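Participant: Quick one: structure below, then a few questions.
No lab work stands behind these numbers, since they all come straight from the coordinates. It should be emphasised that the depicted structure is a prediction, and the values quoted were computed from it without experimental measurement. Positions of Cβ are generated from backbone atoms using ideal geometry, with glycine treated the same way; all protein chains shown enter the neighbour counts.
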Amino acid sequence: MSAGVLVLEDGLILQGIGFGAQGVQAGEAVFNTSMTGYQEILTDPSYYRQIVVMTVPHVGNTGINREDMESERVWVSGFVVRALSPIVSNWRQRDSLDGFLREQNVIGLSEIPTRQLVRHLRERGVMRAVVAHGEAAQDTEALLEMAQNFMDMNGANLVDDVTTPEPYHWTEQSDPQWYAQHRYDPNGPLIVAYDFGIKRNILRMMTDRGLRVTVVPARTPATEVLAMKPSGVFLSNGPGDPAAVDYAIDNVRHLLGQVPIFGICLGHQILGLALGGRTEKMRFGHRGGNQPVKNLLTGHVEISAHNHGFAVTQDSDLHGGEVTHINLNDQTIEGLRHPELRAFSVQYHPEASPGPHDSLYLFDEFVRAVQGE
Amino acid sequence: MPKRTDIQSIMIIGSGPIVIGQASEFDYSGVQACKALRAQGYRIVLVNSNPATIMTDPQFADATYVEPLTVDICAQIIAQERPDALLPTVGGQTALNLAVGLKESGVLDQYGVQLIGASLESIRLAEDRQLFKDTMTEIGLKSPPSVVVSSVEQALNAVRDVTGYPALIRPSFTLGGSGGGVAYNEAELREIVARGIRLSPVGQVLVDKSLLGWKEYELELMRDARGNFVVVCSIENLDPMGVHTGDSITIAPAQTLTDKELQRLRNYSRMIFDRIGITTGGANVQFAINPDDGQVYVIEMNPRVSRSSALASKATGFPIAKIAALLAVGFTLDEITNDITRVTPASFEPSLDYVVVKIPRWDFKKFVGVDQVLGPQMKAVGEVMAIGRTFPEALQKAVRALDIGISGLGSKPEPLPSPLALRIPTAQRLFQVATAIREGISLEEIVEQTRFDPWFVQQMQMTMAIHETILRKNLRLDDLDAHDFRKLKQHGFSDAYIGQLTGEDEMVVRARRLALGVRANFYRVDTCAAEFEAQTPYLYSTYEEGDEAFPTSRPKVMILGGGPNRIGQGIEFDYCCVHACFALSELGYETIMVNCNPETVSTDYDTADRLYFEPLTAEDVLNIIDREKPDGVLVQFGGQTPLNIAHALQASGAPIWGTSVETIDLAEDRRRFNALMRELKITQPQGATANNREEVLAQARAIGYPVLVRPSYVLGGRNMAIIFDEEGLETWLRERVEWTGHPILIDQFLEDAFEVDVDALCDGQRVTIGGIMQHIEEAGIHSGDSACVLPPYKISQYHLDIIRDYTVRIGLGLGVKGLYNIQYAIKDDEVYVLEVNPRASRTVPFVSKATGHPLARYAAQIAAGRTLEDLGFIKEPSIDGFFVKEAVLPFQKFPGVDARLGPEMRSTGEVMGHASSFGHAFVKAQIAANMPIPTRGTACISVNDFDKATVARIARELAALGFHIVATQGTADYLNRVGVQAQRVNKVSEGSPHVLDMLKAGQIHLIINTPLGSQSYEDGAIIRSAAYQAAVPIVTTMSAAMATLQGIKRLLQKPLRVRSLQAHHRPHSP
């Protein structure tokens, strides 16, 4: 381990200690307030091209295990913490965070004053940044220039980079010690899941409920999907600006009304756009596992996992669609549905992982929708 | 759902006296509930027997009853006040048990009172161990194999068939695991089970498979009537299973769980809530986790707010008790605003970007002979909490916050005879781990012995590595640069610790550090890890970049709290601090509270304008002063702890308000004080100070035995003793004295004197007496352990006039600006001054409640420059009726410790009884202290020769009232000789059937026992201890016996009546 530095596009420079891989990497600096689940966060494709700052000070305590992967690799561009744990202590551990990031060629920074950084991002909004570890950390001027020249998240289609190249069937279920519901059915209703950067736990939540899942690349045309005669279509989470994924919006417009649709996160934004709504970039987004979302249909509050920097605007005309969930912190739209078109979606992450399991019922609703109830 | 409008008035039950396992955290929760519900327009009827609490201040309720917490008394209050609802969940186990009693006895139904916040069914499901276990099995959760038994025989079978040894024994429905223990063999099993069955109100104990070595976690939870559910905080215990949570070092948030594991605990908690039927409010669930395979056992649930929920509230900024109270009247979580952000709702889960460490504080030195090994029965008397950005920083802050003369982890070498010693949980174990690390014992070995999670041990290794580096390189202060300092400070090293490592004084280190520009910054506890801006200044220090203190430019006063509760310094001082805060706030000052005790009202972010949750060391307080630049600092309200740093603060330029540090010194400095008393022509017992062993012996000889000896600069009479001869003095010097630079005080002991306590106020020009209290026990019993009565019930006007005159002259002579307390003794018609303490005293809340005058507020106003005349407090209040304060002692928790009272304070709490007659007031105090005076049955008398004549009069009257008298031989002979019929009973040493057998068989209802001199001392000790275990009232002085007799007579004449403080003071208050 040697010197590491984080340089924000507005000139804030924070020195720390590097871990994981050496080198330089640019990304959008965002913060996450989850106190657990760093492995799931690292491997969530929605964080592609982002440098994630964890607000919880001690990170790496429980190491890395086989099960908590949300995809096959780490997607973040950089990982910033206050105190990397020098040891790992957990019965499921296989590797340390440091070793894992090295193997994954991802830069980590420790000893960064993360609260100061988070307050900065909260006040000025998320921004472009560069992490550097090793020799590259010396030339902060060059790093600043690099941050300022990095792509803008607005208008960025990142889905093409993270989606699966080929369709595949998903059969794995969750481990029953973590999730109670298990009704696997190899002949269950077929769901075609668009992979915009899908998390494995979404797939597990579907197989756990007796759904048969085929995952398809993001650019799969609607006609091809319909030809598979699915009982439902799922629109996954993913990175970047939803408005830039125009082909997906088109495909969803085609699918609407043909088959029940359920979207999560980017999938929700795409559904919103397909219904005629608008999306906008938020100042610093929602990333964490403690967000209060109110289900307007039941009046219940769900404590939910979030990871989004864009949202469907509150003035959107959804042409018959209605808002079903709002965030009680800032009234952001967190869920919508179009009963006539049999489509619904949520901005947040009912599959959790990491986060509370309060919203798993949405997968049950999808099952009911698929079964025509 | 909006608030309920079908109820208008709500009764809240407090938790009674401070006892081990139930301390000031329930004052905090009770105050929160009262405030929140009154703000919603409900009429609040409050019942609590503890006068030292802030909640029993008349301003917090519409009707405040400082009355015994019994079904009978509460039934009377309900009949009088007719509340619509009863909230039983904010007063600990006491309130919950009382609510069950009120429900089961039909009182609630008779008067149409609804239980809110909990149902009888859910209380039973959660509290009845077997029902709870069955319920867990029913919903598919595992709990440790165990059996509920109600006899020793059943327990033996349970161990043989189910659990094996070691077995964990826990009585049902007791506080703090009272009466529990770990049994390693049959003899221990028999003893613990028998005791547990006796202590359990339902006569049951649980015999558990011992999970020694499993990790322990706790989740603090809330739920509203809509079913919205949040986890407020996860808490991880450093000590593994087997040590009571109250005795464990705990960390928040949990550090060694993956998200899947944490969510599993969350899901289980929710299932348990749903099944137990906690419809609204707060509760906690404890889990044990096998570190090798993650297997989870559910240990228990508390369907109420608790010590842990107070800790969680302070740790997160999420006020559990307040919100629980609002949920109980129908609000939902999303209808309540987060006080800290003021823009987001309470329906969320706090995210912590810091680490919180709680360390319990024990007071074993007060209890010679107590088993100091920690186990399932809580023994701690207080706790500290510290906040840091990392675990090492928080841990070291917590260590120095303990106020036990240890400046950081490993700063004071703790002997470690062998690594195996780490296996035994004790108060010293944390420090032994530091020693083990220094000695190079491997992490694996330390983990193997302690069963601490390796993660924590490794963090401690990092801290100790820094310590070692400084020593190994022999670094001097000048060798440390700003970078080194920053690293040390980020690991929580105090200036004092750095000074110790580099051979410099703390203040020199501080000066060097400041010269290098290394200053503490202050971060906010904001519930949301900086996602939203914090509007409430709840702060902690850290040495990371960025400062969020944002001090204002308003006139401001800082109030230093009392630190951890301990015997001699507890809730009474928090009461004073909180009142000082309120008073200054009313005067328009911004108030800044500094304290590190999570159990208190003072550390509620709602109490002062700004709260600094910091250790009360000179360094930490000066850091805050540097940032805030207060106009004044109050050190006289928090007991001895803030006084101990007053010099250092003043030397660094802090503006100390009120009584000056010089006056405080003058009162402590025996020589100067004696000179002043001579000048004022005020009598004192002969006294002297001594700075070494030889001087002590010589001075004692000169004064003449018996003498009273004690170290100076201590509170609660720590190590104070009455010594009758030189041999005793040598023993005391050997066993109880640590020479710390402060001298030993030696005084003539006034045998058989009456003692009097006076609380008074002086503004420099004038003195007003707040109250004159007469001790019921005679001289020699620590004032904190003695029952006392206001007004005095048998002191002549002549003596009272002398006392008043002395009090005025002493206050003016010392130049007190605020509160002071004087202890007097009256012997042979002479009034002696024993002690003067120019600060808020333990009796201030009691006097304030009895007189209706908030003395601590007055004192704070005087400190701010007001005069007594400005306050309109120029006349000693007259008292209507009698107010008796009785001490509550923890002997039930410490079997084997002699329960005799002495000059060293050992009580943990107090209760108050008030009535128009002394007898009734005394009886109420005894009932409230859980030593209810019997009106019939058998009285067992065993007294020394000196007391025989007096006891004969008492025995004669008891017999006339219908009591059967039994007595040990000498006493029986004497009684029979003077014509009082007394049946002889064997002393324990005389063989069975003896007094202990009778006691255990429930054949004795009252014991009068005075120490019998050294020969039969053992006998007396056994009886006293057994009486506490059997909860039979025991009287150990003749004056208390007289008072008891008066009480019995009064009780037989007239039933007890209840009256609220508001009703009591109404005719007198303007």
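Participant: Once R0 is set to 25 Å, what does the formula 1/(1 + (r/R0)^6) return for the Cβ-Cβ distance between residue B:124 and residue B:274, expressed as a FRET efficiency to the nearest 0.05?
Facilitator: It comes out at approximately 0.90.
Participant: For chain A, what's the relative contact order in percent, using C-alpha pairs closer than 8 Å and at least 6 residues apart?
Facilitator: In percent, rounded to a whole number, it is 15.
Participant: Let me ask something else. Please average, across the residues of B:522-534, the number of beta carbons from any other chain that are within 10 Å of each residue's own beta carbon, and give a whole number.
Facilitator: Other-chain Cβ atoms within 10 Å of each residue's Cβ, averaged: 5.
Participant: In addition: Translational D (Stokes-Einstein, µm²/s) of chain B at 10 °C and 1.306 mPa s when Rh comes from the Kirkwood sum over C-alpha pairs?
Facilitator: 53 µm²/s
Participant: Kirkwood hydrodynamic radius for segment B:439-597: how many Å is it when counted over pairs of different Cα atoms?
Facilitator: 19.1 Å
Participant: Which ³J(HN,Hα) values, rounded to whole Hz and listed in residue order, are derived for segment A:275-284 from phi using the Karplus coefficients 6.51, -1.76 and 1.60 in 6.51 cos²θ - 1.76 cosθ + 1.60 with θ = phi - 60°, glycine and proline given as x?
Facilitator: Once rounded to whole Hz, the list reads 7, x, x, 10, 10, 9, 7, 8, 5, 9.
Participant: Quick query: amide H of residue B:361 versus all other amide H atoms, modeled in the peptide plane; which residues come in under 5 Å with a sequence gap of 5 or more or a different chain?
Facilitator: For residue B:361, the qualifying residues are B:381, B:382, B:383, B:384.
Participant: Name the GluC sites (Glu not before Pro) in segment B:487-575 that are in a loop by DSSP and that have at most 14 other C-beta atoms within 10 Å, would you?
Facilitator: Of the GluC sites (Glu not before Pro), the ones in loops of segment B:487-575 whose Cβ has at most 14 other Cβ atoms within 10 Å are B:545.
Participant: Give, as a single signed number, the net charge of other residues whose beta carbon lies under 10 Å from the beta carbon of residue A:207, with Lys and Arg counted +1 and Asp and Glu -1.
Facilitator: Taking every Cβ under 10 Å from that of residue A:207, the sum is +1.
Participant: Now for a separate question. Gap in Å between the Cα centre of segment B:454-527 and the Cα centre of segment A:341-356?
Facilitator: Spelled out, the Cα-based centre of one part sits 47 Å from the other.
Participant: Considering amide H positions built from the backbone, and no H for Pro or chain starts, which residues 5 or more places from residue A:285, or on another chain, come under 5 Å of its amide H?
Facilitator: Under 5 Å from the amide H of residue A:285 lies no amide H from a residue far enough along the sequence or on another chain.
Participant: When the Cα centres of segment B:54-125 and segment A:1-21 are compared, how far apart do they sit, in Å?
Facilitator: Between the Cα centre of segment B:54-125 and that of segment A:1-21, the gap is 59 Å.
Participant: Please list the radius of gyration and Dmax for the protein assembly as shown, considering alpha-carbon atoms only, with Å as the unit.
Facilitator: Both quantities, over Cα of the protein assembly as shown: 33.6, 114 Å.
Participant: Work through the residues other than residue B:668 whose Cβ is under 15 Å from its Cβ and net out their charges, Lys, Arg +1 and Asp, Glu -1.
Facilitator: Counting the neighbours of residue B:668, the net charge comes to +1.
Participant: Which of the peptides B:306-316, B:468-478, B:607-617 is most tightly packed, and how do the rest follow, judged by the mean count of other Cβ atoms within 10 Å per residue?
Facilitator: B:306-316, B:607-617, B:468-478
Participant: What number comes out for the charge environment of residue B:594, summing +1 per Lys or Arg and -1 per Asp or Glu over other residues with Cβ under 11 Å away?
Facilitator: -2
Participant: Okay, moving on. At residue B:992 and residue B:462, where each label point lies 7 Å from the Cα along Cα→Cβ, what is the point-to-point distance in nanometres?
Facilitator: According to this spin-label approximation, the distance is 6.0 nm.
Participant: Could I ask something else about it? Cross-link candidates for residue B:681: which aspartates and glutamates have Cα within less than 12 Å, leaving aside residues fewer than 8 places away along the same chain?
Facilitator: B:805
Participant: A further question follows. Within a 10 angstrom radius of each residue's Cβ in A:26-35, how many Cβ atoms of other chains show up on average? Whole number is fine.
Facilitator: 3
Participant: What is the set of long-range amide H partners of residue B:86 at a cut-off below 5 Å, with H atoms built 1.01 Å from backbone N?
Facilitator: Amide H neighbours of residue B:86, under 5 Å, 5+ apart: B:11, B:114, B:115, B:116.
Participant: List the trypsin sites (Lys or Arg not before Pro) in segment B:883-987 that DSSP assigns to loop (not H, G, I, E or B) and whose Cβ has at most 16 other Cβ atoms within 10 Å. Which are they?
Facilitator: In loop regions of segment B:883-987 (DSSP not H, G, I, E or B), the sparsely surrounded trypsin sites (Lys or Arg not before Pro) are B:936.
Participant: Tell me the label-point distance for the pair residue B:701, residue B:804, using the 7 Å Cα-to-Cβ offset, in nm and rounded to one decimal.
Facilitator: With each label placed 7 Å out from Cα toward Cβ, I get 4.6 nm.
Participant: Cα centroid distance between segment B:688-743 and segment A:249-290, in Å?
Facilitator: 80 Å
Participant: Rounded to the nearest 0.05, what FRET efficiency do residue B:79 and residue B:1031 have when you use their Cβ-Cβ distance and R0 = 35 Å?
Facilitator: 0.80
Participant: Another question, if that's okay. What shape does segment A:259-373 have by the C-alpha gyration tensor, where a ≥ b ≥ c are the square roots of the eigenvalues, rounded means a/c under 1.5, and otherwise prolate means a/b greater than b/c and oblate the rest?
Facilitator: Note, shape of segment A:259-373 comes out oblate.
Participant: Please give the peptides B:736-749, B:72-85 ranked by average Cβ packing (other Cβ atoms within 10 Å per residue), highest first, as a rough proxy for protection.
Facilitator: Order by mean packing, descending: B:72-85, B:736-749.
Participant: Moving on to the next point. Give a residue-ordered list of calculated ³J(HN,Hα) values for segment B:869-875 (Karplus: 6.51 cos²θ - 1.76 cosθ + 1.60, θ = phi - 60°; whole Hz; x for Gly, Pro).
Facilitator: After applying 6.51 cos²θ - 1.76 cosθ + 1.60, I find 5, 4, 7, x, 10, 10, 9 Hz.
Participant: Now a separate question. Counting only other chains, what is the mean number of Cβ atoms within 10 angstrom of the Cβ of each residue in peptide A:284-297?
Facilitator: 3
Participant: Can you list the HN-Hα couplings for segment B:646-652, worked out from phi with the Karplus curve (6.51, -1.76, 1.60; θ = phi - 60°), rounded to whole Hz and with x for Gly and Pro?
Facilitator: Karplus values, whole Hz, x for Gly and Pro: 4, 4, 4, 5, 5, 4, 8.
Participant: Need one number: % antiparallel among DSSP beta bridges in chain A, to the nearest 5.
Facilitator: Counting only bridges with both partners in chain A, antiparallel ones make up about 60 percent.
Participant: Please identify every one of the chymotrypsin sites (Phe, Trp or Tyr not before Pro) in segment B:173-241 that sits in a loop by DSSP and has no more than 15 other beta carbons within 10 Å of its own beta carbon.
Facilitator: Within segment B:173-241, the qualifying chymotrypsin sites (Phe, Trp or Tyr not before Pro) (loop, at most 15 other Cβ atoms within 10 Å) are B:184.
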